[in-house]
1. How would Glu128, Glu280, Glu194 line up by accessible area, probe 1.4 Å, largest first?
2. At a probe radius of 1.4 Å, what is the per-residue accessible area of Ile185, in Å² to the nearest 10?
3. Over the chain, average the accessible area per residue using a 1.4 Å probe and give it in Å², no decimals.
4. With θ set to phi - 60° and the Karplus curve 6.51 cos²θ - 1.76 cosθ + 1.60, what are the ³J(HN,Hα) couplings of the stretch 214-220 in order, to the nearest whole Hz, using x for Gly and Pro?
5. Could you compute how much accessible surface Phe217 exposes when probed at 1.4 Å, giving the result in Å² to the nearest 10?
6. So what is the calculated 222 nm ellipticity per residue for the chain, using -39500 (n - 2.57) for each DSSP H run with n of 4 or more, over all residues, to the nearest 500 deg cm²/dmol?
7. Of all accessible surface on the stretch 260-330 at a 1.4 Å probe, what whole percent is carbon and sulfur?
8. Of the listed values (i) 20, 37, 24, 17, 1; (ii) 18, 41, 28, 10, 2, 0; (iii) 23, 57, 18, 2, 0, grab the one calculated as P(r) over Cα pairs in 20 Å bins from 0, in percent from the structure here.
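The values are calculated or read from the model by the stated rules, or taken from the named source; none is laboratory data. All values derive from a computational prediction rather than experimental measurement. Neighbour counts run over all protein chains shown; Cβ positions are idealised from the backbone, glycine included. Accessible surface is based on the protein model in full, side chains and every heavy atom, while ligands, DNA and RNA are left aside. Shrake-Rupley method; radii C 1.70, N 1.55, O 1.52, S 1.80 Å.
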Amino acid sequence: MATGTAHEISTFKGQGRRLRADRLGMPGLLLSVLAASAPLMVVAGVMPTTFGVMGMIGQPLLFVILGVVLALFGFGYAEMSRHVHNAGAFYAYIARGLGGTAGTAASLVALVAYSALQVGVFGIFGYEVSNIAARHFDATLAWWIPSLGAVVIVAVLGWLKIDLNAKVLGVLLLVECAMVIAFDIAGFTRPGAEGVSLHAFDPATLSGAGLGTALCFCIAAFVGFEQAPVYAEETSRPNVLVARVMFLAVGFVALFFVVSSWALTVAAGPSAIVGTAQKEGPNLLFLLTEARYGPAFTDVMHVFYVTGMFAAMLSFHNVVARYAFAMGREGLLPPALGRTNAASGAPAYGSLLQSAVALVVVVLFAVTDGHPVGDPTAPVLHLFTWMGNIGALGIIVLMAAASVAVIAFFVRRGAGRAQAWRLLASAVAAVALLVIAAFTVKDFGVLLGADPGSALSWILPGIIGAAAVAGIVYGLVLKSVRPALHARIGLGNEAFQLEKASDAPKHARVR
């Protein structure tokens, strides 16, 4: 914390308060952020749901639209990354543009959103591993056993250095993408009865009540590219690499998902894709793949479906750990969380916090296993859908707020004219993201599959609202009673450098 005392000033000093620089180059950074998008999980899980539940044939066109919106968001966000290097990326940017109170609110929203995304994947991971055990080894394995095992493994890797994690993520991601690309090739070379059709790109296929819900659902598939600034302090050339990686990630993910969703419509046939997706659900991709490559290839794809989930869990874990580290370093969380592992330079205590949260949530859902009676999959499926949608809503809100913060930041610095086209892109992105956020809240019950009038339709999105309100109140209290700490929010290592530059007699007077 930083209220003016010698002890609080010291929290910004020492190697334990700084992430180790130059540990992550462009390949490692790119692989780390792409892993969060979990390409195979999106193609096998998100896409069949959008086709089946929402009846959205034009999903490829939807990914084109979202790719454009997020690219517009990226112009201002990337430029901001050249001026602010902080592991608490979203909240640091928002604090620098909209003030410390808004930054405090954003920090809590980011912590909740990314934690929810990571914990949610533990649920579907355990469920799929238990299914593989039953299908191939005739073994009965409760979903929470592999989920808890994954919590432990991720905790260990999170404690270790970031470049090791980048290698783990990279191997899993490359094989995962290769499997999906193999399906795409087969889908186009061996299409369904209607041949290679462009019908999925017809704007008329986006009509209907499912459009807003589909926008909400599909934007979560892009989550990951915005994480690049989180690693800025650990990269060799943050002014160049962070922006470059963000645009590479957005472009790759958009192209990958456009082609893969189009391949699904071609393989099944545009007129049959909705019905087939409704019947097969997450098995859609594996059914179409087996018809072209046989069961052996499909079994291998199932394995990498699971490892892709693991890569996403590890990526989200790394991000949460760094947000907790940044918040601890600036006094928004206990100072212990702002310390790094002396051996690896990783944000060790932030990593432990996220592991503890994941452990508690998985255990809570595990003790409800089998309830309600007759629905043994309820806890795990709820864990995945509830947490995933809470997290997606939080990220959408953060991106919208960051777009506004970018405009305020450059205007206040007198750079509005020089950055005019980036600020215009940010303004358009902010409006689009706010519209998507509104649809998300409005249709949250549809995303959850909840009954009309269900309390979950407002309780779950209310978690993000509650985090934002709590953050605003917390920020206002800090501004009133600890103004020095409030003034440092979002500064990160810049606060450290400011204190380091102060003269010794001044420190003595503070004491």
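1. Glu194, Glu280, Glu128
2. 100 Å²
3. That works out to 37 Å² for each residue.
4. After applying 6.51 cos²θ - 1.76 cosθ + 1.60, I find 5, 4, 4, 6, 6, 5, 5 Hz.
5. 40 Å²
6. So the helix-based figure for the chain works out to -23500 deg cm²/dmol.
7. In the stretch 260-330, the share of accessible area belonging to carbon and sulfur is 64 percent.
8. Recomputing P(r) over Cα pairs in 20 Å bins from 0, in percent here picks out (iii).
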